[in-house]
1. Dividing the alpha-carbon Rg of the chain by 2.2 N^0.38 Å yields what?
2. Looking at the chain, what % of its DSSP beta bridges pair antiparallel, to the nearest 5?
3. Report, in whole Å, the centroid distance computed from the Cα atoms of segment 289-314 and segment 130-188.
4. Taking a probe of 1.4 angstrom, what is the accessible area of R244 in Å², to the nearest 10?
5. For segment 2-126, with every protein chain kept in place, what is the accessible area per residue (1.4 Å probe, Å²)?
6. Once amide H atoms are built 1.01 Å from N in the peptide plane, which residues 5 or more positions from F396, or in another chain, come under 5 Å H to H?
7. Starting from the Cα of K494, draw a straight line to each of the lysines and keep only those under 22 Å, dropping any in the same chain fewer than 8 residues away.
8. To the nearest 10 square angstrom, what accessible area does C16 show with a 1.4 Å probe?
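The values are calculated or read from the model by the stated rules, or taken from the named source; none is laboratory data. As the structure is a prediction and not an experimental result, all values here were calculated from the model. The area values use the complete protein model at the heavy-atom level, side chains included, leaving out ligands, DNA and RNA. Shrake-Rupley method; radii C 1.70, N 1.55, O 1.52, S 1.80 Å.
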Amino acid sequence: MRRFKVYGKFLLGLFCISLIPPAAFTSVTYYYDLSREKNSLITAVARGEKRINALLSSAEATLSDVAKYVDPTDPEASDLLQREVYNEPLFREIGIIDGNGYLTMTNLGKLDSPIFIEPERRANLNDENLQILGPLKTSLMQEKSLILTLPVVERGEINVLVDPSILTADWGSSIQEDLGPEGYFAYINQKTGEILSSLGELPSQQLPLTNRNASFIQSVVTSQNAQVLVVGGISKASILRQWRDQLLIVIPISSFCSALTIFLALRLMKQSMALDHELRIGLKNQEFIVHYQPIVNLKTGQYVGAEALIRWHHPQQGILSPNMFIPIAERTGLITLIGEWLIKTTSQELSNLFQEFSDLYISVNLSPIQVRSRSLDKVILWLRDNVFFSPARCVFEITEAVIVHNYGTTSSDTLARLRQLGARISLDDFGTGYSGLNYLHQFEVDQIKIDRFYVAAINRDPLITHILETLIDLGQKLDVTLVAEGIETEEQRKFLSERGVEYGQGWLFARPTPIGEFEAAIHRNQPQQGSKTES
Ligand code: C2E
Ligand code: MG
Ligand code: MG
């Protein structure tokens with residue numbers, strides 16, 4: 001049942017994972033498009049602001065100068081106007097209108113017959129600031145011009161004519177390029193609502209534009225009294241269109257990624273299902289065996305215990321290491337059955353040796369899954385009632401992950417009950433996991449097994465050796481038994497023994513072997529006690 005639950009969860013997870021690439025690609029593309037458009041708009045509007053500012057301040061400066069220094073009655077006045085137009089390429093023309101509304105002079109010369117200018121094409125003389133009119137057709141020019149006009153007290157007004165398209169034209173940098181073909185852009189006279197100059201098609205709705213219909217930004221440029229709204233925008237429909245075009249490329253790629261993920265995951269699942277199935281058959285056919293690796297007193301060399309290490313005698317693949325099948329057994333829950341099998345098998349195989357060597361203990365590895373579930377309850381009951389295999393002779397090895405994630409949970413309860421029976425708890429592979437020292441202090445452990453990573457570094461890597469010394473020191477302060485794993489050389493044994501590590505295991509003493517070889521080895525190691533019992 002648990003197996004189906006696990007695979008069910010796996011398939012659900014797989015389905016969710018397969019949705020991630022298309023969803024991620026699609027939304028990333030959309031937000032990328034949107035932010036790219038927004039950035040382009042920001043750039044375009046910033047350019048627009050600069051241009052209108054440049055125009056207004058140049059017009060203000062020129063017209064104020066003309067008002068101050070040019071006397072319309074002076075015969076050379078039009079030459080001075082001509083020079084101003086020459087100096088500022090933004091201006092088409094400069095004109096002077098007298099107090100009665102007649103255009104009397106332009107930069108091209110004095111008008112012999114002054115032209116009357118209608119009031120709507122002239123400045124409001126009650127307002128002394130620069131004013132923007134138009135775009136309008138003037139009497140002397142066919143094309144529409146913007147009229148920037150400055151009233152002059154008691155003399156009428158002076159104005160410059162500006163080609164509106166200059167504001168949106170290429171000035172070395174192009175607003176049109178920033179906007180792209182679908183964008184729109186406009187300078188709007190805030191007082192009159194008239195569009196001074198524009199690019200693209202503006203939305204038909206009334207100003208001010210709202211964010212709902214378009215992705216747009218606007219900014220207001222004020223020069224004295226002239227207020228110009230600079231607006232840039234692009235319709236959402238166009239962003240969506242661009243997005244759709246990109247999806248035509250992105251969707252096949254992301255679908256391919258999803259298909260690949262599903263394919264790989266299904267293959268993994270198939271393999272793991274096959275192995276799980278094989279594991280069950282292996283358990284039924286008694287293909288598992290236990291190897292025992294002696295745990296040795298580092299000072300005397302005497303065997304004090306053994307670690308039970310499981311092996312799978314696979315009919316086709318030969319002897320398989322636990323690293324190859326324990327993770328799968330953990331995933332499918334089969335580890336609980338394997339764990340029970342291991343304890344019972346070990347108790348049977350060791351029953352003679354336990355009678356013979358009264359101090360010998362056996363160390364059994366517990367997987368976090370076993371500790372977390374209630375599956376050890378059965379083992380605990382069985383241990384309690386077993387007279388030959390006393391719990392006091394058992395050490396249960398757990399990893400740091402069990403402690404760190406499970407303080408105050410089922411796991412701590414299970415471990416506490418094992419300890420109550422007299423069993424000891426050992427912390428395996430110490431120093432490779434979380435090393436949550438505060439948990440160590442709160443969680444009662446009797447033994448710490450220093451991982452072989454540290455042992456291998458002895459006298460080779462000064463930093464790791466230094467950390468090893470700190471770990472040893474810590475273990476001694478916590479008053480736990482220290483066992484070093486993976487001792488392969490006499491130098492390592494000596495180093496550890498000299499620093500007070502009591503026990504160790506490793507190829508220097510013996511490799512893990514089946515029970516028969518282990519029995520022979522312990523008899524060789526402790527002949528007197530062995531022969532005493534035999535006699
Ligand atoms: P572990 O508990 O840390 O076991 C020690 C591992 O180090 C064993 O590998 C052992 O063969 C190996 N070893 C011992 N001395 C030396 C040495 O001097 N040099 C080197 N290089 N290696 C040495 P093994 O048997 O392959 O076990 C690997 C892991 O599988 C164990 O690590 C343990 O975590 C797990 N395991 C083994 N049996 C069981 C079991 O019955 N139940 C559970 N849950 N896990 C088990
Ligand atoms: Mg172990
Ligand atoms: Mg270990």
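1. Details: Rg = 45.3 Å, N = 535, 2.2 N^0.38 = 23.9 Å.
Rg over 2.2 N^0.38 Å, computed on Cα atoms: 1.89.
2. Details: 62 of 83 bridges.
DSSP beta bridges in the chain are roughly 75 percent antiparallel.
3. 94
4. That residue has around 140 Å² of solvent-accessible surface.
5. 59
6. V364, R424, I425, S426
7. Cα-Cα hits under 22 Å: K299, K449, K477.
8. Estimated to the nearest 10 Å², C16 gives 70 Å².
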